[in-house]
Amino acid sequence: MQTIEFKQLDETLYYKQLDNGLDVYILPKRGFSKTFVTFTTKYGSIDRAFVPLGKEEPITVPDGIAHFLEHKMFEKEDGDVFQQFSEVGAQANAFTSFTRTAYLFSATDHIYKSTEILLNFVQQPYFTEETVEKEKGIIGQEITMYDDSPDWRLYFGAIENMYHNHPVKIDIAGTIESIDQITADHLYTCYNTFYHPSNMLLFVVGAVDPTEMMNFIEHNQKNKKFPEAQELSRLFEEEPTTVAVKERELQMDVQKPKVYVGLKAKEVNLTGPAMLKHELAMSIAMECLFGRASDFYTSIYEQGLIDESYAYDFSLEQGYGFALVGSDTNQPDVLIKAIKEKMAQANDTSIFNANDVERIKRKKIGFFLRALNSAEYIANQFTRYKFNDMNLFDAVPTIEQLTVEDIVEAFESVKGEDQQTVFKIMPVSERA
C-alpha cells in the first residue's frame, strides 16, 4: 500500500491498485463521525459510441443508457439494494454525469458491512427484459419532469447551441424515444465494457483504519472473477471550435425571461497538471469578470438587469468545456449586450487587476480548505480529478502559483466571437 503525504494540508492518502485493476484510495479523517464511500466508473452519458468488451467493431447505443443502467443496478432478483443499506443505518445514493457514474453511501456505523453491500451490488448486475420495460416508464416520467423545468432547459439549451457533434449536447437521461430502444442486452454490453474494476475507482474518507479497510476491500475483491482487462475504445466525432448555433430561444410558461450566454472552450485536450492549471485559471478569470465582487456585477445589479438567479460557471472535461453566464431578467437583450461587452473588454489585460486576482486566489484557497472538512466534497471531487489525471490536493499549490498572465491566457481561449452563443427562454406571451 502506497502512502501519499500532503504536508501543506496535513493529509495522508493511502493507495493501492488491486490485482483486478481496481484503484482504491483511503483518506483517514480523525475526529470525523461520518464515513463516505464512493464506487465510481469512468463511464457517463457521452460514452455512447465504443467498442464493446471482447469485440472488434464499434457500436452506438441509445442515448441515456448510462443513466438507465445506474437506475437498474439497484434492483436485484432478491429485492431492492436501498433496503440493505437502510438495515445497517447507511444512506445510499447514485448519480450519472456526462463522464462518470457513481454509487455511494454515508454512515456512522457498520462501515465494513455497508462497504461490502456497495461492492457486491455494483459488481453483480441483474437485468431482465421485464424489469427493463418497467423502468422505462419510471425514467420516462423523470425525463418529462426535466423537460418541464425552465432552468434545466436553459442549461441544456445553451450546451446544445455550442456543440455540433459532441454528445455532451444530449441530455444525460436521453429522450423518451431513445430509452424505449434500450434492452437488457444493451445494459449487459455497457456494464461488461465499462464496469470492469480497471475502469473504476473506490474512494473511502472518514474515521477508518486504512490498513484494515484496505485488507477488507482486497479480500472482497479476491473472491470475485473478472475477465482480463482491455483498453477501452471510446469514439467521438470531430468537433469544431465554433458554436453550432449563435442564438436561439424557446417559449415556456415562465414569469420572466431567462438568459444564458455561453462560451465554448478551445482547450479541451488537456490532462493532468496542465488541465488543473487551466481549469483553476479560468475559474479565477470568471470570478474577476463576473463575480459578485466585480464592477460588472454592481453595474448590472444597479440597473435591475439581474436577480438572485444570476450565475456564472466554467466546466472542463477531456473533450469538451464551456463557460456560462446568465440570469432571469426583464431585459434579456440588454443583459446579453452587457455580458458580451464585458467579454470584449477582456482584451485589455488591465481588466484582470493584480489585487483582484490575489484576493480571488485567497478566497478560493479558503473555500478549498473549508471543503476539506466535508467528506462528501472530498470523495466526489477526488474521483472526478483522478479520472482526469489530476490530484485534488494539488489545487492549493496550483492556485498559489497562478499569475495574472495565466489568467489572461486562460480566458483568451474562450472569448472569440465565434465561440459565443445565446440561449433565451421567453414567456409564452412574449417574443424577443
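Output the residues belonging to the stretch 373-414 that are among the hydroxyl-bearing types (Ser, Thr, Tyr) and under 30 Å from Thr35 (Cα atoms).
Ser374, Tyr377, Thr383, Tyr385, Thr398
Could you please give the count of residues in the stretch 44-68 that are within 10 Å of Arg234 (Cα to Cα), within 23 Å of the chain's Cα centre (by Cα) and buried (at least 17 other Cβ atoms within 10 Å of the Cβ)?
Residues flagged as within 10 Å of Arg234 (Cα to Cα), within 23 Å of the chain's Cα centre (by Cα) and buried (at least 17 other Cβ atoms within 10 Å of the Cβ) within the stretch 44-68 amount to 4.
Residues to consider are Gly44, Gly79; find the one that is among the small types (Gly, Ala, Ser) and more than 20 Å from Asn380 (Cβ to Cβ).
One residue alone meets the criteria, Gly79.
Report the residue count in the stretch 364-375 for those that are in a helix (DSSP H, G or I) and modelled with pLDDT under 90.
1
I need a count of the residues in the stretch 239-251 that are surrounded by 16 or more Cβ atoms within 10 Å (Cβ to Cβ) and under 18 Å from Trp152 (Cα atoms).
Counting residues in the stretch 239-251 that are surrounded by 16 or more Cβ atoms within 10 Å (Cβ to Cβ) and under 18 Å from Trp152 (Cα atoms) gives 1.
Could you give me the residue pairs with C-beta distances under 7 Å whose first residue belongs to the stretch 167-192 and is surrounded by fewer than 20 Cβ atoms within 10 Å (Cβ to Cβ), whose second residue is small (Gly, Ala, Ser) and assigned to a helix (DSSP H, G or I) wherever it lies, and which are 6+ apart or on separate chains?
Every condition considered, the pairs that remain are Ile176/Gly140.
Scan (1) more than 24 Å from Lys224 (Cα to Cα); (2) assigned to a helix (DSSP H, G or I); (3) at pLDDT 95 or above for the single condition Lys113 breaks and write down its number.
Unmet for Lys113, out of (1) more than 24 Å from Lys224 (Cα to Cα); (2) assigned to a helix (DSSP H, G or I); (3) at pLDDT 95 or above: (1).
Can you find a residue in the stretch 77-96 that is surrounded by 15 or more Cβ atoms within 10 Å (Cβ to Cβ), under 21 Å from Phe226 (Cβ atoms) and at pLDDT below 95?
The answer is yes, given that some residue of the stretch 77-96 is surrounded by 15 or more Cβ atoms within 10 Å (Cβ to Cβ), under 21 Å from Phe226 (Cβ atoms) and at pLDDT below 95.
When you scan the stretch 49-64, do you find a residue that is within 16 Å of Leu119 (Cα to Cα), outside any strand (DSSP E or B) and in the same structural domain as Glu212 (by TED's automatic domain parsing), even just one?
Taking every residue of the stretch 49-64 in turn, none turns out to be within 16 Å of Leu119 (Cα to Cα), outside any strand (DSSP E or B) and in the same structural domain as Glu212 (by TED's automatic domain parsing).
Would you point out which residue out of Phe98, Phe82 is part of a helix (DSSP H, G or I), hydrophobic (A, V, I, L, M, F, W, C), under 30 Å from Glu177 (Cα atoms) and in contact with a strand residue (DSSP E or B) (Cβ under 7 Å, 6 or more places away or on another chain)?
None of the other options fit; the residue is Phe82.
Identify all residues within the stretch 416-432 that are buried (at least 17 other Cβ atoms within 10 Å of the Cβ) and not in a strand (DSSP E or B); write none if there are none.
Gln419
Looking at Leu324, Leu316, Leu270, Leu289, which one is assigned to a loop (DSSP other than H, G, I, E, B) and crowded, with 17+ Cβ neighbours inside 10 Å?
Leu270
Considering only residues that are among the acidic types (Asp, Glu) and in contact (Cβ under 8 Å) with a residue 12 or more places away in the chain, which ones fall in the stretch 287-316?
Selection gives Glu287, Asp307, Asp313.
Only one of Thr41, Thr3 is surrounded by fewer than 17 Cβ atoms within 10 Å (Cβ to Cβ), within 21 Å of Ile217 (Cβ to Cβ) and among the hydroxyl-bearing types (Ser, Thr, Tyr); which?
The match here is Thr3.
The values are calculated or read from the model by the stated rules, or taken from the named source; none is laboratory data. The shown structure was predicted, so the numbers you read here are calculated from the model rather than taken from an experiment. Positions of Cβ are backbone-derived with ideal geometry, glycine not excepted, and every protein chain shown enters the neighbour counts.
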